[in-house]
Structure formats: structure tokens, C-alpha cells
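The values are calculated or read from the model by the stated rules, or taken from the named source; none is laboratory data. Keep in mind the model is a prediction, meaning the values are calculated, not measured. Heads up, the Cβs are rebuilt from the backbone with ideal geometry, glycines too, and the neighbour counts pull from every protein chain shown.
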Amino acid sequence: MNVLKSQRRGLKLTKILKGRSLSKGIVEGEAIVTRQPFSISAAFIFALVQNSKKCKIADRTHELYKKDVKDKILIFPYPIGTTTLGFVLLETIVRKMGPKAIVCEEGDPLMSSGAVAAEIFFDLKFPIIDQIDFSELEKIKNNTIVKVNGDEGYIEIL
Amino acid sequence: MLSKLLKLIVKLGDTFGAEKLIEISSAHTVLNFGLNFVNASAKVLHQMAEDNLKVKVRTTADPIIDMDYADEFKVVYPMFILHDQLMKDLEQIGVYGFTCTPYFLDNKPKSGDHCAWSESSAVIYLNSVLGARSNREGGLVDLACAVTGKTAYHGLHITENRKGQILFKLSADINLTNVFNLTSIGLRIGEIAGNKIPVIDGLSDISTDNLKNLGAASASTGAVALIHVPNVTPEAKDLNEAFQYDKPEEIVEIDMKDLEEVREKYSTEWAQTPQNISIGCPQLSEEEVINVLKKLKGKKTLQNINLWICTNNKVKESIKNSEFNDILISSGAKITSLCPTLTPLPRPLTTNSAKACFYSHASYRNLDECIKIATEGIKTD
């Protein structure tokens, strides 16, 4: 179960949600939260093919359709869709054109493989954290600044 | 390079609680035939080839460009900038096949075999129909497993993790002899099951080809990697065995209204007559191709429409040397080993495939309707 705790950061009280680290790295960014499971392949392939500077979601069945998730902390329940997602995620990490980190309730080895391969073969870090109850994650409002600590496996809502 | 590849398997295995590595008997990889979004993976593969690594087990790969149609695709093919290099490097390390249905070639693992496969539609077929065992690999892990001959022991390699979770019951108002209903059921099951293991009651007459098509749909709208169908799939002689003598976590009924809903949700409707119609995603079995050709007998595809019949190279050659070649030629349909989902076929596009409709923004029609549109066009009153 998640250990929920609060800590003082400067004068502000922040909230920490503990989960499992699927890949390393520490980043901060604006959250974008969806309750819908997320197909990384369907979402990112068009932006990759077009060499786009933005990362607009191309999955028209998704509520984030047409939203730009570049440099965001992308939060969803769990990944779905075809197995290309491993190297699609790897490519978005290497090109630095997608989100900065992913947080979900239940990740899988396929999604992790993209981030772990980025670290092993390209020396690039892209933190993914899972095993945080979605009932907690969905309380995070869009555009809230979130710190994702993939080294220790928690996120901090700033 | 080999140590880095092994590190990739071990790191993922550690995270997901694997206690050991196990030997695999087969692998299948996907590199989307060199579209410009596989640059990073292609670099790693190239290094593997340079280091003279070889696969240790039978390893196939997904479809590549079909050079028989180089003229039709002279605008599209240059997008596959990495195609030639990928092909060379894959062949160099010992990968062959180039189909999304390698089980129709000789990469057909036996029940209980441990494997490392990617290609969501192939993984679900391998686990469900063949009763072999693979997690949904990908992102270079499949190739890492192929050259090391090992994978991490977790997930679907472990018997207890193959237990059915959600029981799907089919309402009597669904006509199960209609393949279009079966693939639509697949779309609906994927949405509901997500990453859980569905058990479908009442499908005991489904063919393995149709289970292939249904499973591919569930693996598109969900992350389903294994479906049990009592009386059909090897780990489910009955409902009890499918649930490993436990109770379902959830029971869901699917009716005709659900199927109409998913069709509306996933089909992209075009006002104009399609330029391209693709049949088969996953690629068709030989029996499925013959079924399409029988329906095309005596008919002719309209001049401004391409009707693509997608299958593997072996079936393509076999059909061309069979009695059905006459129908193929007279109908004007085009048999191909290309992947209709990854080849950016000019729109409007129509397909009979639930998977292709999901990924390709195509209109979704049953096979008979696809053939009618191809040969008669869309009648507007």
C-alpha cells in the first residue's frame, strides 16, 4: 500500500505518494492526468512520424486527443495497446519530444522496457513510477507541479 | 553489447519480481519496418549485427515492404528510411519470416513452451491458441531474449498468473456465425478487460482464425495477452479449468447494443468512396485468403479502388500457384505481404479488421460489405 506523508518544503506543505520505481531519474513538471488507460503507440506515433516539435496525442478515441503532452508528467491508470509501445517510448525519450515522466497505478514490463533501454543504451533517464492507487493520482489537478523521483520510487506534489 | 542486452532482461525481471531467468524456445520481434520512429532501436540492432551476435532460438520478425508494389507505393516507401538497414541487420543476426502471423510459418511453439514474443496480436495467439507462454515483449527486449536465449520468469510464464479473471457472457441476440460480430466482441472485451485475462463463455464453435482476429482487437483496445475460451483453447477444457477452479473476479455480459457502440466508437466514417480497402490485419491464413477469393469470383474491383488482401509471403506464393490465381487476376484484387496498418495507405480507407480500424482511422465494415464497396462502390441515393 502507498505510504502517504506530507513534508515541509520551504513554507509549503507538500504531499508525497510512494510507489514503485520502474526506471530511474528525477524530474519536475506539470501534471496531465487522465482516468482513461493510455495507448502510447496510438498516442505518439503520428508526432514521431511527422518529427513534430510538440507531442499532440493522436489517439482520437482518447480524452487527451490533440492535447500536447510534451514535457508534462503524464499520469494514467495503466498502459494498453500494441507491443510497439516499448520502442515508441524509447524513441520519444531519445528525441526528448514527449513527456518527462510517467506515473500510473499499474505499469508493465513493456512500457518499462522503453525507459530502461534508454538508460542502458543511451544513458538517458526517464522516470516511471507505478503502484500508486489511482484514487490518489486522480486528485492531482492538471498543471500542478509534480516531482517524480524514479531513484527512490515516489512522487511529490508541490 | 551482449552484457547490456542481458542487463535489460535482468533489470526488468528484477522490477517485476522474477526469481530467475529461463530458457526460451522461440522469439518474435517487431521493428515496424523502418519508419522513422525506430531510429533508436535500429541503432542498437545495428550494433548487435556489428558485434556479430546471433539469435540462439528460432526468431521471426514483423512484415516488411512488399517490393511487388514498389510502383503503387513510390511516394510512401521512402518514409521507411531505415528499412534496408533493418532488414540487413535482422538477417545478419539470424532473424527471418517477416510476417505478423509467424505461427503460419514454422515459428509455431508448442503448448507449455516459454517464448519471448512481441506483436500484440501474435502474443495473444501464442498464449491463447497455442498454449505456449510469453509476456508482451517489445522495445528491444525481444531481441535481447533472442540472442541470449533467455527471458525473465514472471508474468504469463507462471501457471498461476494465467488464471482467468473476467467472465464474459454473450447475449443470445448476437449472431456468432457473423465474423464481424466476433471481431467487434474483441474490441469490447479489450476495453473492459484492460490488462486482465478474459474468459469467453459460449464461443465453443469459434475457429482459430477467428480467435486470431478477435484477440488482435482485444490487444488493441486493451492490453490483453491471453484469452481463455472453454472447449477451444488448451488451458480451458471447461470454465472451471479456465478460472483454475476459482471464481471470476467479475462477470460481464455483452449484447448486440455493445457491439453497435464499439463499431460507432472506433470506425472512422468517410463521406467518399474509399481509395483503399484492406482485408486482413493480422495477416490472413491461407484458408481466409481462399474464402475472400471465393467471394470475389465473377466480380471485378472498381478501377479507382485498391483491394488489398494481406497475408504472409508463403501464402501469397501458394495462392499465385493455385487454381485461385485466376480469380485473383480477374478480380483485380492485390495480394500482398505488407502491413496495412503501418503502410500509410491513402485515405479514405476501409477495412474488415477491428485492429486496423483502431490504429488506421479506417471505416470498419464486414468482409461482404468491403467486397461490395470494392466492386460496386458506395451507392448514394
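Values computed for the structure shown
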| quantity | calculated |
| --- | --- |
| Residue count, the range B:207-224 (criterion: in contact (Cβ under 8 Å) with a residue 12 or more places away in the chain and within 17 Å of B:ASN178 (Cβ to Cβ)) | 7 |
| Residues located in the range B:340-366, provided they are away from chain A (no Cβ under 14 Å) and out of contact with any helix residue (DSSP H, G or I) (no Cβ under 8 Å at 6 or more places or on another chain) | B:PRO346, B:PRO348 |
| Failed item in (1) within 30 Å of B:GLY138 (Cβ to Cβ); (2) within 12 Å of chain A (Cβ to nearest Cβ); (3) not small (Gly, Ala, Ser), with B:GLU264 passing the rest | (1) |
| Test for A:GLY107: is it facing another protein chain (nearest Cβ under 8 Å), closer than 22 Å to B:GLU137 by Cα, surrounded by 22 or more Cβ atoms within 10 Å (Cβ to Cβ) and within 14 Å of the chain's Cα centre (by Cα) | no |
| Members of the range A:34-77 found to be surrounded by 18 or more Cβ atoms within 10 Å (Cβ to Cβ) and either of a type in the set (Val, Ile, Thr) or touching a Leu at 6+ places or on another chain (Cβ under 7 Å) (or both), listed by number | A:THR34, A:ILE40, A:SER41, A:ILE45, A:ILE57, A:VAL69, A:ILE73, A:ILE75 |
| Members of the range B:186-198 that are away from every other protein chain (no Cβ under 11 Å) and buried (at least 24 other Cβ atoms within 10 Å of the Cβ) | B:GLY186, B:ARG188, B:ILE189, B:PRO198 |
| Elements of type strands (runs of 3 or more DSSP E) in the range B:1-109, at least 1 residues being more than 30 Å from B:LEU284 (Cα to Cα) | B:21-23 |
| Failed condition for B:SER26, given (1) away from chain A (no Cβ under 13 Å); (2) surrounded by fewer than 20 Cβ atoms within 10 Å (Cβ to Cβ); (3) not basic (Lys, Arg) | (2) |
| In the range B:219-259, residue surrounded by the fewest Cβ atoms within 10 Å (Cβ to Cβ) [restricted to those that are part of a loop (DSSP other than H, G, I, E, B) and among the small types (Gly, Ala, Ser)] | B:ALA236 |
| Only listed residue being away from chain A (no Cβ under 13 Å) and under 16 Å from B:LEU338 (Cβ atoms), chosen from B:PHE33, B:PHE73 | B:PHE73 |
| Number of positions in the range B:199-222 that are within 19 Å of A:SER41 (Cβ to Cβ), among the aliphatic types (A, V, I, L, M) and either more than 10 Å from chain A (Cβ to nearest Cβ) or touching a Leu at 6+ places or on another chain (Cβ under 8 Å) (or both) | 1 |
| Any chance B:THR177 is within 14 Å of chain A (Cβ to nearest Cβ), out of contact with any Phe, Trp or Tyr (no Cβ under 9 Å at 6 or more places or on another chain), over 18 Å from B:VAL129 (Cβ atoms) and of a type in the set (S, T, N, Q) | no |
| B:ASP84 being surrounded by fewer than 15 Cβ atoms within 10 Å (Cβ to Cβ), within 22 Å of B:SER128 (Cα to Cα) and either modelled with pLDDT of 95 or more or among the charged types (D, E, K, R) (or both) | no |
| Among residues of the range B:260-298, those that are under 19 Å from B:VAL179 (Cβ atoms), of a type in the set (S, T, N, Q) and not in a strand (DSSP E or B), counted | 3 |
| Verdict on B:PRO102 being within 14 Å of another protein chain (Cβ to nearest Cβ), touching a helix residue (DSSP H, G or I) at 6+ places or on another chain (Cβ under 7 Å), surrounded by 23 or more Cβ atoms within 10 Å (Cβ to Cβ) and at pLDDT 95 or above | yes |
| The range A:65-80 residues that are farther than 16 Å from A:SER135 by Cα and away from chain B (no Cβ under 14 Å), paired with ones that are among the aliphatic types (A, V, I, L, M) and not in a strand (DSSP E or B) (beta carbon under 6 Å, 6 or more apart) | A:LYS67/A:ILE57 |
| A:ILE93 buried (at least 21 other Cβ atoms within 10 Å of the Cβ), within 11 Å of another protein chain (Cβ to nearest Cβ) and among the aliphatic types (A, V, I, L, M) | yes |
| Any hit, the range B:300-311, residues being farther than 16 Å from B:ILE64 by Cα and among the β-branched types (Val, Ile, Thr) | yes |
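Conditions tested, residue by residue: (1) away from chain A (no Cβ under 14 Å); (2) surrounded by 21 or more Cβ atoms within 10 Å (Cβ to Cβ); (3) under 24 Å from the mean Cα position of the chain (by Cα).
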| residue | (1), (2), (3) |
| --- | --- |
| B:LEU302 | yes, no, no |
| B:LEU307 | yes, yes, yes |
| B:SER330 | yes, no, no |
| B:LEU338 | yes, yes, yes |
| B:ASP368 | yes, no, yes |
| B:ILE371 | yes, yes, yes |
| B:THR375 | yes, no, no |
